[in-house]
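Sharing a structure, written as structure tokens. Questions coming.
The values are calculated or read from the model by the stated rules, or taken from the named source; none is laboratory data. Remember, predicted model here, so these are calculated numbers, not experimental data. Note that we place each Cβ from the backbone using ideal geometry, even for glycine, and neighbour counts take in every protein chain shown. What goes into the accessible areas is simple: the full protein's heavy atoms, side chains included, and nothing from ligands, DNA or RNA. Shrake-Rupley method; radii C 1.70, N 1.55, O 1.52, S 1.80 Å.
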Amino acid sequence: MLALLDGNNFYVSCERVFRPSLQGRPVVVLSNNDGCAISRSNEAKALGIKMAQPHHEFRHLEDRAGLVSLSANFTLYGDMSDRMMSLAAGLGPGQEIYSIDECFVDLHGVRGNLAERAHAIRARIHRWIGIPTCIGIAPTKTLAKLANHIAKCAERKAGSYPAQHAQVCHLGALPQADVDLLLAITDVGDVWGVGPRIGAQLRDAGVATAQDLARLDPASVRRRWSVVLERTVRELQGMPCIDLEEAPTPKREIAVTRSFGRPVRELPQLLQAVSDFATRAAEKLRRQGSLAGRVLVFAHTSPFRPGPRWAKSLVVPLRRPTADTAKIIQAATMGLELIFEPGYNLAKAGVMLLDLCDSSILQGELDLEDESGRNRGQLMSVVDKLNARWGKATVKQGSVGTAAARRDWAMRQARRTPQYTTDWRQVPVARA
DNA sequence: TCTGGGGTCCTAGGACCC
DNA sequence: TCTGGGGTCCTAGGACCC
């Protein structure tokens with residue numbers, strides 16, 4: 001048996017812990033640049049504000065309905081998450097932290113009444129940390145997600161599901177007939193793994209509810225859709241197909257991307273932004289003990305605004321896998337200079353690190369020595385510590401040379417990686 | 001004026017090899 | 001006119017999640 005615990009309206013709930021006056025009021029937390037809503041209180045949802053809705057579309061509600069809009073404070077949310085996860089771990093012997101606000105807990109071997117135990121943990125989290133949570137319990141991850149969905153809806157919307165399931169819903173304790181009843185009143189789009197596209201296709205095929213989906217033949221589902229949906233069907237039928245991942249697996253790629261507050265048109269500004277992204281990405285890379293083999297840099301105009309569209313990206317191979325901020329900045333800025341074209345209002349850019357590998361396997365320390373033999377690994381580690389202690393940009397990488405020097409470097413790099421030289425001057429892949 | 005920032009997995013199709 | 005078959009690796013793109 002598995003539990004899925006998640007914090008209700010997590011970012012808003014974190015803010016309310018420190019500003020109790022926000023209780024009972026419509027509150028949203030906004031994304032970077034205050035662009036759109038990324039967390040909404042129940043009262044804000046009742047006002048009709050949608051997830052990821054642009055701020056300017058509902059700003060009028062601040063005057064008219066007492067809506068409070070807050071800029072996000074991710075450091076705070078990360079800290080609150082750590083505390084919530086430690087208490088949630090008390091539910092059972094294993095835990096997978098699935099996202100900042102939710103975790104699966106393995107309940108194998110846990111004795112006694114699981115629902116009562118879940119209620120107790122909920123109460124403890126609320127008392128000690130101030131975050132309201134819901135818990136779903138079931139034999140598979142997909143069913144645990146569904147149970148959690150039921151627990152949340154039953155609490156929030158009277159009449160959506162039987163009130164006894166509010167806050168904690170233990171599907172594993174119900175007779176199959178009762179589970180079927182709950183599946184039958186759940187929209188197929190509310191099933192974990194069914195998004196808007198597949199949801200529409202399923203409805204077209206007459207599959208409208210979670211129960212309809214659970215009754216399909218897995219092999220047919222695989223043929224018509226995919227193995228992914230087949231797993232979802234089996235999981236709904238009670239057969240575990242998705243394992244609990246207790247040890248966090250290292251990321252296979254690392255991205256730092258941002259929308260700009262106002263359009264960027266000039267290369268120097270863009271280079272500055274991309275250098276910052278590369279720096280953040282390299283820090284993340286070292287934090288998980290990996291090296292990157294390739295660096296992707298991209299920039300594009302806004303897909304929402306009129307005017308000429310432009311979008312390009314370029315993958316820059318590194319001569320050797322590295323975690324050195326200077327080399328990653330070099331690759332990213334060089335790539336940017338190659339794709340950049342003036343005359344566009346750029347709305348977003350980013351750096352992604354690809355082909356990650358474990359630094360111990362590849363003996364990357366070799367690459368952390370520069371030409372003069374100084375050990376850059378130690379330097380990077382000191383820089384990370386200083387920035388962690390005193391704030392993000394306390395120590396920054398200086399300029400890595402003139403544009404001409406970078407271009408020169410680019411051409412040398414291209415010659416060293418012949419598989420890319422033929423593509424080098426061709427139009428890079430556009431990413432909309 | 002103003003539209004998030006991350007990730008994962010799977011599949012199709014091309015290149016290339018024998 | 002006919003035009004191997006199987007395997008691997010790589011990339012791009014789709015779909016999903018929070």
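Suppose R0 equals 35 Å; then what is the FRET efficiency for A:SER360 and A:ALA52 from their Cβ-Cβ distance, rounded to the nearest 0.05?
Computed FRET efficiency for A:SER360 and A:ALA52 comes out at 0.35.
Here is a follow-up. Just to be sure I understand: of the beta bridges DSSP finds with both ends in region A:78-204, what percent are antiparallel, rounded to 5?
Numbers: 5 of 9 bridges.
Close to 55 percent.
Here's another thing I want to ask about it. What percent does the relative contact order of region A:10-74 come to when contacts are Cα pairs within less than 8 Å and at least six residues apart? Please list the in-between numbers first.
Numbers: 97 pairs, mean separation 23.2, N = 65.
Here the relative contact order equals 36 percent.
Would you mind getting me the FRET efficiency between A:ASP178 and A:GLN23? Use the beta-carbon distance for r and R0 = 25 Å, nearest 0.05.
Efficiency at R0 = 25 Å is approximately 0.15.
Just to be sure I understand: of the beta bridges DSSP finds with both ends in region A:10-74, what percent are antiparallel, rounded to 5?
Antiparallel bridges make up about 50 percent of those DSSP assigns within region A:10-74.
Using 0.36 nm per residue, how much length does the chain from A:ASP217 to A:HIS108 gain when fully extended, once their Cα-Cα distance is taken away?
Separation in residues times 0.36 nm, less the Cα-Cα distance, equals 36.4 nm.
Between A:GLN272 and A:GLN288, what is 0.36 nm times their sequence separation minus the Cα-Cα distance? Round to one decimal in nm.
Extra length available between A:GLN272 and A:GLN288 comes to 3.3 nm.
Please report, as a whole percent, how much of the solvent-accessible surface of region A:195-346 comes from carbon and sulfur atoms (probe radius 1.4 Å).
So the carbon and sulfur contribution to the accessible surface is 50 percent.
Testing the spin-label approximation: label points 7 Å from Cα along Cα→Cβ at A:ASP79 and A:ILE185. State their distance in nm.
4.2
Here's something else I'd like to know. What distance in nm separates the simple spin-label points at A:ARG265 and A:SER86, each placed 7 Å from Cα in the Cβ direction?
Between A:ARG265 and A:SER86, the label points sit 5.2 nm apart.
Can I ask one more? Through the Karplus equation 6.51 cos²θ - 1.76 cosθ + 1.60, θ set to phi - 60°, convert the phi angles of region A:71-77 into ³J(HN,Hα) values in whole Hz; use x for Gly and Pro.
Here the 3J(HN,Hα) series is 6, 5, 10, 5, 4, 4, 5 Hz.
On to the next question. Taking square-rooted eigenvalues a ≥ b ≥ c of the alpha carbon gyration tensor, is region A:64-183 rounded, prolate or oblate, where a/c under 1.5 means rounded and, failing that, a/b exceeding b/c means prolate?
Cα axes put region A:64-183 in the oblate bin.
Write down the accessible area per residue of region A:238-319 in Å², having rolled a 1.4 Å probe over the full set of protein chains.
On a per-residue basis, 56 Å².
Over all Cα pairs of region A:1-130, how is the pair count split among 10 Å bins, expressed in % and running from 0 up to the last occupied bin?
12, 38, 28, 16, 4, 0
Okay, moving on. Please give the direction-averaged projected area of the C-alpha convex hull for region A:10-74, in square nanometres with one decimal.
The number I arrive at for region A:10-74 is 3.9 nm².
Further question on the same structure: What nm distance separates the two modelled labels at A:ASN32 and A:SER71, each placed 7 Å from Cα along Cα→Cβ?
It is 1.4 nm.
Oh, and also: With a 1.4 Å probe and every protein chain left in place, work out the accessible area per residue of region A:10-74 in Å², rounded to a whole number. Mind dumping the intermediate values first?
Numbers: 3330 Å² over 65 residues.
Averaged over the residues of region A:10-74, the accessible area is 51 Å².
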